[in-house]
Structure formats: structure tokens, C-alpha cells
Amino acid sequence: MNRFLLLILFLIFSFGQSQLKENLSHKTFSAIVIGIMDGDTMEILYKKTPIKIRLAHIDSPEKRGTQPFGNNAKQALSNLCFGKMVTIKAEKYDRYKRLIAVVITDKGQNVNKQMLKQGMAWHYKKYSKDSDYAKLETEAQKNRVGLWQDKKPIAPWLWREKKKK
């Protein structure tokens, strides 16, 4: 773990975490990425408060349940933004109280789109009609990048459904 992140974590635990009362829906703000849960979920630190972020427009292979490419997707997301300052373009909260958002790196890179370009996610068409994301998925699929190398990749929503049964 880099020294900057260790310092941030030290400051959090030294001075305590505040409870954020602010509704962040439809807001844009900067924060540091302090954790990666899987290929489409991260934790940021905003105003001394950790907040779970679910990447909008995409769905990555499941890390839990050992879906193929689940660990690769988590690592790809980590490589893109762990320990870095990012801009959060928040949309709304989901039923698990995660903030659905588009994440932009300090270099202006759209993390959500990068995950599709790298073949580490599907365009989550159930919740997104954005044609840019659809095109990125099609391109990765055509080039057999990331999870598209698999002979029969299974979309995460189908994987989760199958695991419930």
C-alpha cells in the first residue's frame, strides 16, 4: 500500500469518521479511492466518510462465487484508480445504499468505460441505454479482449441468478 493511502487511513482513524448527512445524488465531487470490492464496486473517502460506489452502466464478473474473470476485473479496477483522487459524477443511490456513479481519474479517464474497453465488464443494458457503452462492449467482444476470450462468457446477472438456484 502506498504511503499516501496509509496517511489518509491514519487520519481517518485518528480523527474519527463523520456520518455524512449530505445526499450526493446528482452531484459531482472529488474523493480518494480507498478500497476495491470487485470489478464494479469501490469505496471512496469523501469528507472523512467512506462511501460505497457502484459503477454506473456496467456489470462486472462476480468475485464472490468465483465467476471466471471476477478476480481479473477487481484487479483491473484497482489498477485504474486505487489510491488515487477521482471525480465522482453521482447519479443516485441503489437499494443497497451504494452511490451509482461514473468515475473519472485525475488524468480524465472514464473508469466505467475503461472497464468495458479492457473486457472486464458488460454493458448493463437493464439499467443503461447509453450507446457509447454498448459500442465499447461490442468492440471488446469483437477483439476478444478480457472476458471475451472465454468461449462462453456468462453475464454476471445470469451468473447470480444461477447461483441463487
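Here K97 clears all of (1) at positive phi; (2) among the charged types (D, E, K, R); (3) in contact with a Lys or Arg (Cβ under 6 Å, 6 or more places away or on another chain) except the condition numbered (3). Any idea how many residues of the stretch 78-119 are touching a residue at least 60 places away in the same chain (Cβ under 8 Å) and in contact with a His (Cβ under 8 Å, 6 or more places away or on another chain)? Of the residues in the stretch 78-119, 3 are touching a residue at least 60 places away in the same chain (Cβ under 8 Å) and in contact with a His (Cβ under 8 Å, 6 or more places away or on another chain).
Is it fair to say Y93 is surrounded by 12 or more Cβ atoms within 10 Å (Cβ to Cβ) and farther than 24 Å from L45 by Cβ? For Y93, the condition - surrounded by 12 or more Cβ atoms within 10 Å (Cβ to Cβ) and farther than 24 Å from L45 by Cβ - is not met.
Taking first residues from the stretch 152-163 that are within 17 Å of M120 (Cβ to Cβ) and in a helix (DSSP H, G or I) and partners that are open to solvent by less than 60 Å² (accessible area, probe 1.4 Å) and among the hydroxyl-bearing types (S, T, Y), the Cβ contacts under 7 Å between residues at least 6 apart in sequence or on separate chains come to P156/S60. In this structure, is M85 surrounded by fewer than 18 Cβ atoms within 10 Å (Cβ to Cβ), out of contact with any Lys or Arg (no Cβ under 8 Å at 6 or more places or on another chain) and among the hydrophobic types (A, V, I, L, M, F, W, C)? Taking the combined requirement at face value, the residue satisfies it.
The values are calculated or read from the model by the stated rules, or taken from the named source; none is laboratory data. None of these values were measured; they are calculated from a predicted model. With ideal geometry, Cβ positions are generated from the backbone for all residues, glycine too; neighbour counts draw on all protein chains shown. Quick note on the areas: whole protein, heavy atoms, side chains included, nothing else; ligands and nucleic acids left out. Shrake-Rupley method; radii C 1.70, N 1.55, O 1.52, S 1.80 Å.
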